[in-house]
Amino acid sequence: EVKGKPILEIILNNFIEYGFENFHISVNYKAEIIENYFGDGSKWGVKIRYIREAQKMGTIGSLSLLSEKPREPLIVMNGDLLTNINLDQLLAFHKLEKSAATLCVRDYIIQIPFGIVVIKNHKILEIKEKPDQHFFVNAGIYIFEPSILELIPRDSYYDMDTLVQKIIKTEKGCSAFPIREYWLDIGRVDDYNKGNREFWSEPLN
């Protein structure tokens, strides 16, 4: 829970704000807790179905169990993210890029706590005092064209990074969408506590 509300409900409400009505939740460990809480989604005026893993299927393998193939692009999101990403902008970007998939990324800054010495042929060229290094990290939110589901092996363990590497090599490739809005992965205790401090009672939008 974040401020007394399950994070999955926070995620659900954010999608509902943008008009989404059909959801699939992939469940395995303690699935009954999630299913009992959300039911069929009627409490929120939406339809929720469950993808039940009989075994661990990795971070994307469960999508091979979808009962019917979607006709429109589908958004896949990790269940431990706090974000107010603008889903309209994300979808518009994906359609504009015409890629097979879009992966959301987040700017991540690491400050080196020492002076960095740049050396060439044993000569010091410069010293950079405690520089920041910027990286784009995987933000755990994706858009896939329906055809991408054909790349996921049926009823097998399969991870997202393996799928993305495969998509990159396809003709349409994979685009990156930088998230500028609030975003926090609460998978670690420190970040979970941070989320509880920062999250406000009103919807993230």
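The values are calculated or read from the model by the stated rules, or taken from the named source; none is laboratory data. Because the structure is a prediction, the values reported are computed rather than measured. Positions of Cβ are backbone-derived with ideal geometry, glycine not excepted, and every protein chain shown enters the neighbour counts. With ligands, DNA and RNA removed, areas are computed over all heavy atoms of the protein, side chains included. Shrake-Rupley method; radii C 1.70, N 1.55, O 1.52, S 1.80 Å.
Data for the structure
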read-out: Criterion (open to solvent by 70 Å² or more (accessible area, probe 1.4 Å), part of a loop (DSSP other than H, G, I, E, B) and within 22 Å of residue 100 (Cβ to Cβ)) met by exactly one of 180, 154; value: 154
read-out: Test: residue in region 79-91 that is surrounded by 18 or more Cβ atoms within 10 Å (Cβ to Cβ), aliphatic (A, V, I, L, M) and either farther than 17 Å from residue 179 by Cβ or at pLDDT below 90 (or both); value: no
read-out: Count of residues meeting criterion [closer than 29 Å to residue 193 by Cβ and out of contact with any helix residue (DSSP H, G or I) (no Cβ under 9 Å at 6 or more places or on another chain)] in region 63-77; value: 0
read-out: Checklist (1) open to solvent by less than 40 Å² (accessible area, probe 1.4 Å); (2) within 17 Å of the chain's Cα centre (by Cα) applied to residue 64, failing item; value: (2)
read-out: Top-ranked residue of region 119-149 - restricted to ones that are out of contact with any Lys or Arg (no Cβ under 6 Å at 6 or more places or on another chain), among the aliphatic types (A, V, I, L, M) and open to solvent by 40 Å² or more (accessible area, probe 1.4 Å), ranked as nearest to residue 184 (Cα to Cα); value: 127
read-out: Residue that is farthest from residue 189 (Cα to Cα) [pool: residues in region 76-117 that are outside any loop (DSSP other than H, G, I, E, B) and in contact with a Ser or Thr (Cβ under 6 Å, 6 or more places away or on another chain)]; value: 97
read-out: Residue selected from region 183-195 under the condition within 16 Å of residue 8 (Cα to Cα) and assigned to a loop (DSSP other than H, G, I, E, B), by the criterion least open to solvent (accessible area, probe 1.4 Å); value: 186
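One line per residue, one yes/no per condition, for (1) closer than 20 Å to residue 59 by Cβ; (2) open to solvent by less than 50 Å² (accessible area, probe 1.4 Å); (3) outside any helix (DSSP H, G or I); (4) modelled with pLDDT of 95 or more:
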{"site": "12", "(1), (2), (3), (4)": "yes, yes, no, yes"}
{"site": "15", "(1), (2), (3), (4)": "yes, yes, no, yes"}
{"site": "20", "(1), (2), (3), (4)": "no, no, yes, yes"}
{"site": "25", "(1), (2), (3), (4)": "yes, yes, yes, yes"}
{"site": "29", "(1), (2), (3), (4)": "yes, no, yes, no"}
{"site": "32", "(1), (2), (3), (4)": "no, no, no, yes"}
{"site": "36", "(1), (2), (3), (4)": "no, no, no, yes"}
